[in-house]
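K.L.:
I'd like to ask you about the structure that follows.
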Ligand code: NAP
């Protein structure tokens, strides 16, 4: 049993990841802007390093050193590039990229002390091809993939693996909000009809990949970008 922190753990993918890691026997704390019903659900903004550090101190005392981190907190944006003012650009980069930076910085000392760690960053299938009107989001998520590869090289010798899971078309509140705003490129049903496996992804599909990457069995897998997308972005 290990101690895991899952950001974005109050909703969608992060929530399913937290549930799955608990089922696998780990002690799990979540960090989210939204309050969760979990015993160890912390409310904080991943862009606030002081708050993240304070939570990590609390988690260490109550659950032990953190050796699994899944970064799932994320913020989408759907705007023409010329309509993305610098404040919106910064906000999307801050949550999706800098938030990952702060959380990894906060947990690495524990992983280095233990000589064992698993970091899984939830990026996005949009990074495979780019997406119109999501330049800020795709830029941030692409940077997360690059960060993943670089940290894998740097921390492999310390027993720490770093991988990314870019989800594609997973049925969560984020996806349904995009559908309601008409920015998905069709309804969920229409997109299902164009998806090779003929269904939308479930948060549990991403949780299964994260659980594997967080396991002992995945110790020789690092620096990888494991697409979980029903075959849409192969
Ligand atoms: P979701 O249901 O909206 O969950 C995301 C959670 O992150 C929400 O609870 C949200 O809180 C929280 N969050 C947002 N900003 C935060 C911040 N600054 N600090 C802490 N928590 C914050 O979305 P999801 O679909 O599960 O997305 C999870 C991850 O997968 C995201 O990184 C997303 O970009 C990525 N992703 C999803 C899909 C998909 O098809 N669903 C595809 C590609 C990538 P609030 O609701 O209060 O904002």
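Every number in this text was worked out from the coordinates using simple rules, so none of it is lab data. Treat the numbers as computed from the prediction; the structure is a model and nothing was measured. Positions of Cβ are backbone-derived with ideal geometry, glycine not excepted, and every protein chain shown enters the neighbour counts.
K.L.:
Inside the range 198-207, can you point out the residues that are within 22 Å of residue 27 (Cβ to Cβ) and surrounded by fewer than 16 Cβ atoms within 10 Å (Cβ to Cβ)?
P.N.:
Across the range 198-207, the qualifying residue is only 204.
K.L.:
Within the range 28-62, which residues are within 17 Å of residue 107 (Cβ to Cβ), surrounded by fewer than 19 Cβ atoms within 10 Å (Cβ to Cβ) and away from the ligand (no atom under 11 Å from the Cβ)?
P.N.:
49, 50, 53, 54, 57, 58, 60, 61, 62
K.L.:
Quick check on my filter: what residues within the range 198-232 are closer than 20 Å to residue 69 by Cβ, assigned to a loop (DSSP other than H, G, I, E, B) and over 17 Å from the mean Cα position of the chain (by Cα)?
P.N.:
219, 220, 221, listed by residue number.
K.L.:
Would you check if there is a residue in the range 21-34 being within 18 Å of the chain's Cα centre (by Cα), assigned to a helix (DSSP H, G or I), in contact (Cβ under 8 Å) with a residue 60 or more places away in the chain and closer than 26 Å to residue 226 by Cβ?
P.N.:
Scanning the range 21-34 turns up at least one residue that is within 18 Å of the chain's Cα centre (by Cα), assigned to a helix (DSSP H, G or I), in contact (Cβ under 8 Å) with a residue 60 or more places away in the chain and closer than 26 Å to residue 226 by Cβ.
K.L.:
Ok, one more. Could you check the range 118-197 for helices (runs of 4 or more DSSP H) lying wholly inside it with 1 or more residues that are without any contact (Cβ under 8 Å) to a residue 24 or more places away in the chain and surrounded by fewer than 17 Cβ atoms within 10 Å (Cβ to Cβ)?
P.N.:
The qualifying helices (runs of 4 or more DSSP H) are 135-155, 173-180, 188-193.
K.L.:
Separate question: Taking the stated definitions as given, is residue 12 in contact (Cβ under 8 Å) with a residue 40 or more places away in the chain, within 16 Å of the ligand (Cβ to nearest atom), buried (at least 16 other Cβ atoms within 10 Å of the Cβ) and at positive phi?
P.N.:
So residue 12 passes the test.
K.L.:
Considering the range 179-206 alone, what residues qualify as being over 15 Å from residue 164 (Cβ atoms) and in contact with a strand residue (DSSP E or B) (Cβ under 9 Å, 6 or more places away or on another chain)?
P.N.:
Matches in the range 179-206: 195, 200, 201, 202, 203, 205.
K.L.:
Go through 68, 104 for me and flag whichever is farther than 18 Å from residue 178 by Cα, under 16 Å from the mean Cα position of the chain (by Cα), touching a residue at least 60 places away in the same chain (Cβ under 8 Å) and more than 14 Å from the ligand (Cβ to nearest atom).
P.N.:
Selected residue: 68, the only one of 68, 104 that is farther than 18 Å from residue 178 by Cα, under 16 Å from the mean Cα position of the chain (by Cα), touching a residue at least 60 places away in the same chain (Cβ under 8 Å) and more than 14 Å from the ligand (Cβ to nearest atom).
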